[in-house]
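Below is one structure, written out as structure tokens, with a few remarks after it.
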Amino acid sequence: MLNMKVNFIVSFIAIVVSFFTRKVFLGQLGDEFIGLTTTINSLLAFLNLAELGVGASIAYFLYKPLFDDDREKICETISIMGYLYRKIGILILCAGIVASLFLPLIFKGTNIAWGIVYYCFYAQLASSLIGYFINYKANTIFSADQRQYYVNGFLQTTQIICAIVQMVLAWKTSSFTLYITFTLIFTLINCLLLNRQFDKVYPWVTSDYQTGKEALKERPEIIRYVKKVFIHQIGGFINNSVMPIIVYAYASLSMVTFYGNYTLLTSKAGQLINSALSGTSAGIGNLIAEGDRQRIYNCYKELYAIKFFVVCLLSLSLVYLSSDFITVWLGEEYVLSPVIVALICADFCLNLLRNTTDQYLDGYGLKADIWVPVCRICSLALVVLAGKFWGLTGLLAVPVLVQLSLMHVWKPYYLYSQGFRIPFGNYLKELASNALPFVCSYLITTQSLRLLDIGEGLTTTWGAFLYKSICFCTILTVTSLILAYLSSEGIRLFAERMKRRIKKEN
């Protein structure tokens, strides 16, 4: 609960601040410089694929020793991570130096001084390498031990302060150099604060390069697990990074802009939800380490139901209200067809709903289905064909179908059969009991607004939009909450947990 509160609050503040600061950065520093920083970030993100999923793998091997308070095992595992991260960090540094030789080709049309381009690249490279050489202990153990709020709290707070400082400096000086310098300075400040807190909480944790090198020889299961995680990460990276390029290839520039307006809304909404619920991963890992099968499954039903309720509530609101928001914000000419809007919201919904199942698969260490990321990569061929014949609608429909089949049929089947070891029919029952209330509540809500003469046509003023939004969200929330409580065991379990918590606090 503490992870959820801290993550949600700091992420919400960061999003609000970003709306103000980005406008100033674009106005004072220019589109070209902001594009430069974005492109360099993307290039470094590609280099960071060399991480191979070591961080996620080591977190999995820490759950059991953390639960048992086996300090010797914890230090040994962290030493292995330190050994691997040093080699990866050196590899990324060398790859970064080589990549910097091609900057004149990548940015050959830029009007920005080459000194600024190289300074920006190496400053961001240095910020990235801090995680491999210094921050890895704090990031990994805080996360695995259900203390992710330290990592997110320090990181988001320093980023918010940094953005405000950069905004003021950009407003006063329009200096590229100061913008880059303060990005690096606040990265170092975050590193200092985080590691200082880590030393207070875990003064006994040590990491030794030679110990890690020797221990890795005796634990080959770590390398085997890293290889499986890496293949899954490659699948996700290719799918998430290549899809936007395909959209751009098959749509006009104006259509890309229209599409981007809607995905901006879904990405910000998804960021808030993920920030609030991401802290549950370590709790799941520790719960699985306890070995109480009934408690593990009950917790899954709770988390699945909570996530389902929040995501569906938000997704249906976006389906119904996003075009109204776009009309008031930008104009009616930017509104997309209802089918495309529904597909965008469906992809958003499915992406978020898979999170709970993925967290449990990670907790159990179930990564043997390496054919899944291969299928996701191969599905890009279907996306290309669909784009050729059906345009943007086809481009968006194929990923939705792939998500449904792989992430919402196969993945739950894999978890229920190999993790929970109970019949897959139990998942179908959970899915139906959580989905049906929203189908009914959406129909009740839209029909109620139609009878009240509120839901017809697009709103054109902020006042009308707010009135329509309040009416829709109120009716949808109340009806879905009542129906979900009656239908979903997970919601009832969560309600009972909250009652006990309130009684305990009082």
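The values are calculated or read from the model by the stated rules, or taken from the named source; none is laboratory data. None of these values were measured; they are calculated from a predicted model. FYI the Cβ positions are ideal-geometry reconstructions off the backbone, even for glycines, and counts take in every protein chain you see. Note: accessible area is taken over every heavy atom of the protein model, side chains too, but ligands, DNA and RNA are not part of it. Shrake-Rupley method; radii C 1.70, N 1.55, O 1.52, S 1.80 Å.
Based on Cα contacts under 8 Å between residues 6+ apart, the chain shows a relative contact order of 19 percent.
Need the full-extension length gain, residue 429 to residue 458, defined as separation in residues times 0.36 nm minus the C-alpha distance. One decimal, nm.
Numbers: separation 29, 0.36 × 29 = 10.44 nm, distance 3.73 nm.
Answer, rounded to one decimal: 6.7 nm.
Using only Cα coordinates, the Kirkwood hydrodynamic radius of segment 56-96 works out to 11.1 Å.
Filter the trypsin sites (Lys or Arg not before Pro) in segment 383-476 to those in DSSP coil with at most 12 other Cβ atoms within 10 Å of their Cβ, and list the result. Don't skip to the end; give the middle numbers.
Values: sites: 388, 421, 429, 450, 468; in loops: 421.
Here the trypsin sites (Lys or Arg not before Pro) that fit, given the DSSP loop and packing criteria, are 421.
The heavy atoms of residue 187 offer some 40 square angstrom of accessible surface to a 1.4 angstrom probe.
Quick one: accessible area per residue over the chain, 1.4 Å probe, rounded to a whole number of Å²? All intermediate terms of the calculation are to be shown ahead of the outcome.
Working: 24580 Å² over 506 residues.
Per-residue value: 49 Å².
Taking a straight Cα-Cα cut-off under 12 Å and skipping sequence neighbours fewer than 8 places away in the same chain, the aspartates and glutamates within cross-link reach of residue 411 are 358, 362, 369.
Pairs exceeding 23 Å between alpha-carbon atoms, taken from 64/228; 64/504; 5/301; 137/301; 64/367: 64/504; 137/301.
Pairs from the table (87/227; 73/217; 200/307) lying more than 23 angstrom apart at Cα are 200/307.
The distance from the alpha carbon centre of segment 453-490 to that of segment 133-203 is 39 Å, rounded to a whole number. Between amide H atoms placed 1.01 Å from N, distances below 5 Å from residue 208 occur with 79, all of them 5 or more places distant or on a separate chain. Can you send over the carbon and sulfur percentage of the accessible area for the chain, probe radius 1.4 Å, protein chains only? Carbon with sulfur: 66 percent of the solvent-accessible area.
Based on the mean of other beta carbon atoms within 10 Å per residue, what is the order of 390-400, 75-85, 439-449, most packed first?
On the way: 390-400: 19.3, 75-85: 23.9, 439-449: 16.6.
Put in order of decreasing packing, that is 75-85, 390-400, 439-449.
Sorting the Cα pairs of the chain by distance into bins of 10 Å, from 0 upward, gives 3, 15, 26, 29, 19, 7, 1, 0 percent per bin.
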